[in-house]
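Take a look at the structure set out below.
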Amino acid sequence: MLTRPLRVVVLLSGRGSNLRAIVEAALPIEIVAVIGNRPQAPGLAYARESGLPTFALDHTAYADRVAFDARLADEIERHRPGLVVLAGYMRILSPAFIERFEGRLLNIHPSLLPAFPGLKTHERALAEGVKIHGCTVHFVTATLDHGPIVAQAAVPVRADDTPAVLADRVLAQEHRIYPQAIRWFAEDRLVHDGGKVNLAGGSGSQSVLTV
Ligand code: GRF
């Protein structure tokens, strides 16, 4: 049984537009901490201005990934989250960290997974000439950008798209599906079925959004 309202910790590294979309969606959650690994991240400034409890943990001050992730995990646990949301958190997480939060760790990735895991997804989509691109919310597992898929949104790719134009089109969809996925989690509607996630009380097509 989940604690209500759901206690959520958000991790970010940069701009924070997904955090903003989550905040503005007025979800039945309590954002108990926003933690950034880059002290100057605009997303942290936004969180602070919005009155959210905000913490900067500078990864460059730690000897290695394992040491930093252990400290980060302790900081997260202090806030007793039911869900940890990666919102533009641009560091690979160590296996020990993922194990500690598996099942309550969500990520958004700017491609239709399993296509284009990793970085520079929009450049790669254009280079491949795909006609449909998009974004994916998924549970985080030990394999990078490969966990059980919660929701996806697709967008058309146009012949004259640049990576920046395509990124903006995808980002608008990220801002729709991430709050939606978090709402489903908060409502306890995400049912794990092997490596897949089904939505309780709805048809599968509800987790596919297209424009
Ligand atoms: C988004 O494109 C997200 O999919 C990716 O990093 C970007 C973060 O953007 N993981 P923002 O910081 O939420 O604006």
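So in the range 109-139, with the set limited to residues that are small (Gly, Ala, Ser) and either buried (at least 19 other Cβ atoms within 10 Å of the Cβ) or not in a loop (DSSP other than H, G, I, E, B) (or both), which one is farthest from the ligand (Cβ to nearest atom)? So, considering only residues that are small (Gly, Ala, Ser) and either buried (at least 19 other Cβ atoms within 10 Å of the Cβ) or not in a loop (DSSP other than H, G, I, E, B) (or both), the one farthest from the ligand (Cβ to nearest atom) is Ala127. Residue check: is Val8 under 19 Å from the mean Cα position of the chain (by Cα), within 22 Å of His138 (Cβ to Cβ) and in contact (Cβ under 8 Å) with a residue 40 or more places away in the chain? When the stated conditions are applied, Val8 passes them. The residue that is most open to solvent (accessible area, probe 1.4 Å), counting only those in the range 5-46 that are farther than 20 Å from Phe185 by Cβ and touching a strand residue (DSSP E or B) at 6+ places or on another chain (Cβ under 7 Å), is Pro39. Applying the condition of being more than 13 Å from the chain's Cα centre (by Cα) and among the small types (Gly, Ala, Ser) to the range 77-108 and asking which residue is nearest to the ligand (Cβ to nearest atom) yields Ser94.
Tyr62 meets the conditions (1) in contact with a Lys or Arg (Cβ under 9 Å, 6 or more places away or on another chain); (2) within 17 Å of Asn18 (Cα to Cα) in every case but one. The failed one is (2). Ala151: surrounded by fewer than 13 Cβ atoms within 10 Å (Cβ to Cβ) and not in a loop (DSSP other than H, G, I, E, B), yes or no? Judged against the criteria, Ala151 is not a match. The requirement of being open to solvent by less than 30 Å² (accessible area, probe 1.4 Å), over 11 Å from Leu106 (Cα atoms) and among the small types (Gly, Ala, Ser) is fulfilled nowhere in the range 168-182; no residue meets it. Of the residues making up the range 163-202, those that are of a type in the set (A, V, I, L, M), within 12 Å of the ligand (Cβ to nearest atom) and under 12 Å from Ala21 (Cα atoms) number 3.
The values are calculated or read from the model by the stated rules, or taken from the named source; none is laboratory data. From a predicted model like this one, the values you see are computed outputs, not experimental measurements. We place every Cβ from the backbone using ideal geometry, glycine too, and count neighbours over all the protein chains shown. SASA here: full protein model, heavy atoms, side chains in, ligands and nucleic acids out. Shrake-Rupley method; radii C 1.70, N 1.55, O 1.52, S 1.80 Å.
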